[in-house]
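In what follows, a structure is listed as structure tokens, so that the remarks can point back to it.
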Amino acid sequence: MKRWILWVAVVLVMGFAALYGGDCAVFKLRGSPQSSVTVSHMLVVPLKGSKTEYDYLGTADQPCARALFPQAGLSPCWRLRRNPNQQTNGLLQNSREIDFTQRLEARKSGKKGRF
């Protein structure tokens, strides 16, 4: 039983590796084909009381790779067409990161004070 499970796991991993390698090879041989998909962007801002605010930022054409898997740092076109609404978290940095950045900038500029 354990050999059978191990064999199935190895076959699945090898199949995935072959599929990804083949996708990458076809992507490179076709000259890295790219396209663009119109995507709606939303900014998600958390508020007090476990509430969330959604701000519409508009639509934009986003470049994509014509492949099964992400290639060359681009999402596959089929995934963007299937999910045309993209959300961005409004909290990009927490307070500790901001405080550390301010301290580092103050140290570089030679300022003294509360930092």
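Throughout, read-outs are computed from the coordinates displayed, never taken from laboratory work. Since this is a predicted model, take the numbers as computed values, not measurements. All Cβ positions, glycine included, derive from the backbone under ideal geometry; neighbour counts span all protein chains shown.
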Discussion item. Taking the criterion of being in a loop (DSSP other than H, G, I, E, B), polar (S, T, N, Q) and closer than 30 Å to Gly21 by Cβ, would at least one residue in the range 35-47 satisfy it?
Written reply: no
Worksheet item: When you look at Val26, is it part of a helix (DSSP H, G or I), out of contact with any Lys or Arg (no Cβ under 9 Å at 6 or more places or on another chain) and surrounded by fewer than 12 Cβ atoms within 10 Å (Cβ to Cβ), yes or no?
Response: no
Worksheet item: Under the condition of being in contact with a strand residue (DSSP E or B) (Cβ under 7 Å, 6 or more places away or on another chain), polar (S, T, N, Q) and surrounded by 11 or more Cβ atoms within 10 Å (Cβ to Cβ), which residue from the range 29-62 is farthest from Gln87 (Cα to Cα)?
Response: Gln34
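Check whether at least one residue in the range 67-79 is in contact (Cβ under 8 Å) with a residue 40 or more places away in the chain and part of a helix (DSSP H, G or I), and report yes or no. Lay out the reasoning, then the answer.
Taking the range 67-79 first, the residues in contact (Cβ under 8 Å) with a residue 40 or more places away in the chain are 67-69, 71-72, 74, 77.
Keeping just the survivors that are part of a helix (DSSP H, G or I) gives 77.
Checking the range 67-79: at least one residue is in contact (Cβ under 8 Å) with a residue 40 or more places away in the chain and part of a helix (DSSP H, G or I).
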Worksheet item: Out of curiosity, is Phe69 of a type outside the set (S, T, N, Q) and in contact with a Phe, Trp or Tyr (Cβ under 7 Å, 6 or more places away or on another chain)?
Response: yes
Worksheet item: Would it be correct to say that Asp55 is of a type outside the set (Phe, Trp, Tyr) and touching a residue at least 40 places away in the same chain (Cβ under 8 Å)?
Response: no
